[in-house]
Structure formats: C-alpha cells, structure tokens
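Everything below concerns the one structure shown next.
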Amino acid sequence: MARELKTAKLERKVCISEPAQCYHFEFSVEGMKDFAFAPGQFVSAVATDAAGKQQTRAYSLASAPHGNRFELCVNRVKEGFFSNHLADLSYLAPGDTIQIHGPHGLFTLHEPVTDSILIATGTGIAPMRAMAQQLFPVDGEDRSQGKDVWLVYGTRHESELYFRDEFDALAAAHANFHYLPVLSRAEERWQGLRGHVQEHVAHIVEDRAKRLGLTLPQLPADPETSTADLKFDIYAYICGLNNMVSGVRETLTGFGWNRKQIVFERYD
C-alpha cells in the first residue's frame, strides 16, 4: 500500500559542524496545524534522483513536537544522494519543499518515566535531543518527574559534539540531567571524558548499584518479569552504529539487565 506523502517546507538550514559536515534542518509540514509524533520516531524523505529513480531515506526526528514543525540532523555523505540533496543550496534552499511520510518507529520513551540513560554516537544524538526536549522543555513544565537522566554522547573529536551548548544549558538548569560527552580521539587539551561510551555507561550502572546496595552482576532477570517489579528500575535508550549498540547491550546484559530495559535503534 502506498504511504501518504506530506509536503515539508524548509524553514532553516545551518551547518553545525564544518569538519563533520553535519547539518541541522527545520521544516514545517504544509496543510497541518500540528504534526504529531513521539520523540524517538523518524520520518522517511522521498525524492527522485538524476536517473529518475525514487530514493527514500529515514531520518530520526531531532526535536520534540511543536506545532507543525520538525527538525533533522544529517551528516553529509560523499556521493550520498539524499544527504547532498538536503545540504546543497542548489537543491534545497529555505522555502523549498521535500516529500516525507511518517512518523514511524517504536524507539520511544517508556511510560511512566523512569531513571534513564540515553546513549548515542554521531547523528544518533537526534532522537536523544528530541527526548531531552520532551522531558525538559525550555518553555514549559518539567516532565522528568524528578527522575535522573544521563546523556552519554560519544564522538571522535570535540568538533563533532552536536548541540553541545543546548545540552550544557539543560544540565545547568536541571540537577537531574547529566550530560556526559565522551571523545575517542580527543586532543590533549580536552579535559572531559575519554574512551568509548560503554565504559562510562558501566560506571553509571555500578555507581547506581552501589547506592542501592546491590551487588553486580545481578542474576539475569527473567524476561517475563514486569518492569514495575524490577529492583533496578532504570532504562537505557541506545542509538548509533551497530558496533556501539551491540557493545552497550552486551555491557548491560552482563550486569543482569532485563531485555525490556534496553531500547535501541541502529542506523546501519
């Protein structure tokens, strides 16, 4: 069955990292007062290439719902049709439109809200930004219910820490939001965390277990156990390339986490 296409008009485009060629896009959906979606979902963009072939690419929504608008975060890929179609002004300038369908996907926050670890690399930060905006809106009521939320964001270089100022501001404004940028190829002057996200996720889990008086690893949780009955009431949301996602999942299951507590999306 053909999917219903919507027309999205580009309102704003900005390169947020020249070295990584990462672009931030803001769109409005024409003919709609509200474009409803859950933070963590994605839309699929549709266009026809120079050979007349229809191309479709899925992009995570990089913002919480606000009216008929949505935002994307896209790395430009050499010889990649869609990323160049979006990034080049000759193809897409403010006021121009693209076709999309969606929203789609089940990579969304668990309800009710629990303590949560958001783990991302690269443009996997997009759905995490949407989730953070949902929980900690700049102009609105805090929806985090006082739960601790960690954002562990791994990149190679400092120039690839997308939306860094926003996350720093959230952490300054909310004591229960913890922003942990991690660099795997940091320059000597970098004073933050180094290595890979798995190591720092493990530190969060170990510290929490210590505060709860739990010994790790726990016995593997029965997959049928209700999450409401778990002593270790915390969720992990993971988005990035397969190697990172698999590594974090292995780390968490090694601690005895219930599989229901690990929500993930891979974009390769």
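Here are the numbers for this structure:
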| item | result |
| --- | --- |
| Selection status of T7, modelled with pLDDT under 95 and either among the β-branched types (V, I, T) or crowded, with 20+ Cβ neighbours inside 10 Å (or both) | no |
| Neighbours by Cβ (under 8 Å, 6+ apart or cross-chain): first from region 149-174, of a type in the set (D, E); second in a loop (DSSP other than H, G, I, E, B) and buried (at least 17 other Cβ atoms within 10 Å of the Cβ) | E158/A186; E160/A20 |
| Hey, L89 on the phi < 0 side of the Ramachandran plot and part of a loop (DSSP other than H, G, I, E, B) or not | yes |
| Scope region 56-80; condition under 19 Å from Q21 (Cβ atoms) and surrounded by 12 or more Cβ atoms within 10 Å (Cβ to Cβ); matching residues | R57, Y59, S60, A62, E71, L72, C73, V74, N75, R76, V77, G80 |
| Residue that is farthest from R208 (Cα to Cα), among those in region 160-177 that are surrounded by fewer than 16 Cβ atoms within 10 Å (Cβ to Cβ) and of a type outside the set (D, E, K, R) | A169 |
| Tally of residues being modelled with pLDDT of 95 or more, loosely packed, with under 13 Cβ neighbours inside 10 Å, under 23 Å from the mean Cα position of the chain (by Cα) and not hydrophobic (A, V, I, L, M, F, W, C) across region 19-51 | 1 |
| Filter result for the condition that a residue is at pLDDT 95 or above and in contact with an Asp or Glu (Cβ under 7 Å, 6 or more places away or on another chain), over F163, F167, F107, F81 | F107 |
| Within region 237-252, tally of residues that are aliphatic (A, V, I, L, M), part of a helix (DSSP H, G or I), closer than 20 Å to T114 by Cα and at pLDDT 95 or above | 1 |
| Exclusive hit being in contact (Cβ under 8 Å) with a residue 40 or more places away in the chain, within 25 Å of C15 (Cβ to Cβ) and assigned to a loop (DSSP other than H, G, I, E, B), set P127, P39 | P39 |
| Any pair with Cβ under 9 angstrom, 6 or more apart, that starts in region 65-89 at a residue that is more than 17 Å from E11 (Cα to Cα) and ends at one that is of a type in the set (S, T, Y) and in a helix (DSSP H, G or I) | N75/S83; N75/T123; R76/S83; V77/S83 |
| Filtered residues of region 130-175 (kept if closer than 21 Å to G240 by Cα and of a type in the set (F, W, Y)) | W150, Y153, Y162, F163, F167 |
| Number of positions in region 163-222 that are more than 22 Å from G146 (Cβ to Cβ), out of contact with any helix residue (DSSP H, G or I) (no Cβ under 8 Å at 6 or more places or on another chain) and of a type in the set (D, E, K, R) | 9 |
| Filtered residues of region 176-221 (kept if out of contact with any Pro (no Cβ under 8 Å at 6 or more places or on another chain), assigned to a loop (DSSP other than H, G, I, E, B) and under 30 Å from R156 (Cβ atoms)) | N176, S184, R185, A186, E187, E188, R189, W190, Q191, G195, H196, L216 |
| Test for V138: is it over 9 Å from the mean Cα position of the chain (by Cα), surrounded by fewer than 16 Cβ atoms within 10 Å (Cβ to Cβ) and either free of Cβ contacts under 8 Å to residues at least 60 places away in the same chain or at positive phi (or both) | yes |
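The values are calculated or read from the model by the stated rules, or taken from the named source; none is laboratory data. Quick caveat: nothing in here was measured; it's all calculated off a predicted structure. Neighbour counts run over all protein chains shown; Cβ positions are idealised from the backbone, glycine included.
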